[in-house]
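Engineer: One structure follows; several queries about it will come next.
The values are calculated or read from the model by the stated rules, or taken from the named source; none is laboratory data. This is a predicted model, so every value here is computed, not measured. Cβ atoms come from the backbone with ideal geometry, glycine included; neighbour counts cover every protein chain shown. Remember, those area values only see protein heavy atoms, side chains included, never the ligands or the DNA or RNA. Shrake-Rupley method; radii C 1.70, N 1.55, O 1.52, S 1.80 Å.
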Amino acid sequence: MDFAPTAAQRDLADAARRHLGDRFPPARVAATADHGLLDPQDWAALDRQGWLDAELGPVDLALLAEESGRALLPQPWVGTAGSALPVYQSAGLPLPGPATLVDSSDTCAAHESPDWRISGSAPGVVDAHLATELVVAATTRQGVALFGVAPSEVAVAVRDDIDPLRRYATVRMLHAPARLLADPRRTAELLPALRLRSAMLLACEAVGVADGALAEAVRYAGIRTQFGRPIGSFQAVAHQLAEAYAEIETARSLAYRAAVTLNGVGVGAVEAVACAAVAGPRAAVLACEVALQVCGGIAMTWEFGLHLRYRRALWLDAHRVTSVPPHDVLAALLLS
């Protein structure tokens, strides 16, 4: 099976890379990380570029996620496209803006009296402070359903974390007004698919983070000289770069395979996503650590910005979201 992108998909990725390069240069990404201010016009620009189009399939989204990781896109696009956008599409409703999934059916309950109200709390919600609406999974008398809740109706406690561009929050709701987006029957189909789709996009984002770190290391190895030669000509440096490259290409192949399985081609979507969810962050962490070593003392400086890639890689490695933990899936597959 050929997992290579089509010509149209390559054009999509090229256009995305140009757009992100023009709008989010490294200095602006670093300033966003330092000050935490997002320009709403940036989200509107992504929408105009087609990043939220209903026609985009999993492979298209995978390529965009990879580019977003390479640029460290300081917008909550991955979470919105991965776990919220399909809910609104299924309900036939327009996306209100950035949104995030509150996967809290074990801790949140919804009651209809006569309008829907939700009570409960959920830790570890990604980018809740940036959402225009929260997509909350809550238990009803008929089963788990998905609801839209305005952030102004809940308490959102953001915590400092390793990645200043992507932060967790605890969301607390007490009789918060909600609108029904998906009934229990539809939610039973949607929720597992959302978890897989989100995990696939995060794996692709990790590949982009890794590729960006390797590109920085290769560039530096070509211009930094020692003993009258570029340091990239020394085996100790070249072999590290080669090892990172091999890890990245393996992770990219697994990520594309996961996207293809979610596109309705092939079988074993859970296993494919689990492989990608492990390989992507692993490659990102390795590539960033190699880049830190190759770039030497300059990589330790705040201004160089490589630390932002490393922070995202560590965040991705710790997060690893699928419908079940990826290592459990792979262990079951190996032992079956």
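Engineer: Amide H neighbours of LEU181 under 5 Å, at least 5 residues apart or on other chains, H built in the peptide plane: list them.
Structural biologist: Amide H neighbours of LEU181, under 5 Å, 5+ apart: LEU146, PHE147, GLY148.
Engineer: In whole Hz and in residue order, list the ³J(HN,Hα) couplings for the range 30-41 that follow from phi through the Karplus curve 6.51 cos²θ - 1.76 cosθ + 1.60, θ = phi - 60°; x for Gly and Pro.
Structural biologist: 5, 5, 5, 5, 6, 10, x, 9, 10, 8, x, 5
Engineer: Further question: On a 0 to 90° scale, report how tilted helix 326-335 is relative to the longest principal axis of the chain, with both axes built from alpha carbons and the result rounded to the nearest 10.
Structural biologist: 80
Engineer: What accessible area per residue comes out for the chain, rounded to a whole number of Å², with a 1.4 Å probe? Before the final figure, lay out the partial values.
Structural biologist: Details: 15280 Å² over 336 residues.
Result: 45 Å² of accessible area for each residue.
Engineer: Rounded to the nearest Å, what's the spacing between the alpha carbon centres of the range 13-82 and the range 136-205? Just the number, please.
Structural biologist: A separation of 21 Å, based on Cα centres.
Engineer: Using the alpha carbons of the range 132-291, what is the convex hull volume per residue in cubic angstrom, as a whole number?
Structural biologist: Working: hull volume 22.2 nm³, N = 160.
Dividing the Cα hull volume of the range 132-291 by its residue count gives 139 Å³.
Engineer: Kindly rank 120-133, 189-202, 33-46, 73-86 from highest to lowest mean number of other beta carbons found within 10 Å of each residue.
Structural biologist: 73-86, 189-202, 120-133, 33-46
Engineer: Net charge near ARG159, counting Lys/Arg +1 and Asp/Glu -1 over other residues with Cβ under 15 Å of its Cβ?
Structural biologist: On the way: positive: ARG166, ARG167, ARG172, ARG311; negative: ASP127, ASP160, ASP161, ASP163.
Taking every other residue near ARG159 into account, the sum is 0.
Engineer: Further question on the same structure: Out of GLY82, ALA221, LEU201, whose Cα points farthest toward the positive end of the dipole of the chain (charges: +1 Lys, Arg; -1 Asp, Glu; placed on Cβ)?
Structural biologist: Farthest towards the positive pole: ALA221.
Engineer: Percent of accessible area on the chain owned by carbon and sulfur, 1.4 Å probe? Could the numbers behind the result be given before it?
Structural biologist: Details: 8470 of 15280 Å².
The value for the chain is 55 percent carbon and sulfur by accessible area.
Engineer: Helix 7-23 versus the longest principal axis of the chain: what is the Cα-based angle in degrees, 0 to 90, to the nearest 10?
Structural biologist: Taking Cα atoms only, the helix is inclined about 80 degrees.
Engineer: Show me, for the range 194-199, the HN-Hα J-couplings you get by feeding each phi into the Karplus relation (A = 6.51, B = -1.76, C = 1.60, θ = phi - 60°), rounded to Hz, glycine and proline as x.
Structural biologist: 5, 5, 5, 4, 4, 5
Engineer: May I ask you to derive the relative contact order of the chain, considering only C-alpha pairs under 8 Å and at least 6 residues apart, and to give it as an integer percent?
Structural biologist: Computed value for the chain: 17 percent relative contact order.
Engineer: List the residues whose amide H sits under 5 Å from the amide H of CYS108, counting only those 5 or more places along or on another chain, with H placed 1.01 Å from N in the peptide plane.
Structural biologist: Under 5 Å from the amide H of CYS108: THR139.
Engineer: Further, regarding this structure: Taking loop as defined by DSSP and a crowding limit of 13 other beta carbons within 10 Å, which GluC sites (Glu not before Pro) in the range 245-336 fit? Could the numbers behind the result be given before it?
Structural biologist: Details: sites: GLU247, GLU249, GLU271, GLU289, GLU303; in loops: GLU303.
Qualifying residues, ordered by number: GLU303.
Engineer: So what's Rg/Rh here for the chain, counting alpha carbon atoms and using the Kirkwood radius for Rh? Each step should come with its number before you reach the end.
Structural biologist: On the way: Rg = 20.5 Å, Rh = 20.7 Å.
We get a ratio of 0.99 for the chain.
Engineer: Another one. Report relative contact order for the range 1-131 in percent, whole number only (criteria: Cα-Cα under 8 Å, sequence separation at least 6). Could you put the intermediate results ahead of the total?
Structural biologist: Values: 99 pairs, mean separation 28.0, N = 131.
Once divided by the residue count of the range 1-131, the mean separation gives 21 percent.
Engineer: From the backbone phi of the range 285-297, what are the Karplus-calculated ³J(HN,Hα) couplings (6.51 cos²θ - 1.76 cosθ + 1.60, θ = phi - 60°) in whole Hz, Gly and Pro given as x?
Structural biologist: Running phi through 6.51 cos²θ - 1.76 cosθ + 1.60 with θ = phi - 60° gives 5, 4, 4, 5, 5, 5, 4, 4, 5, 5, 6, x, x Hz.
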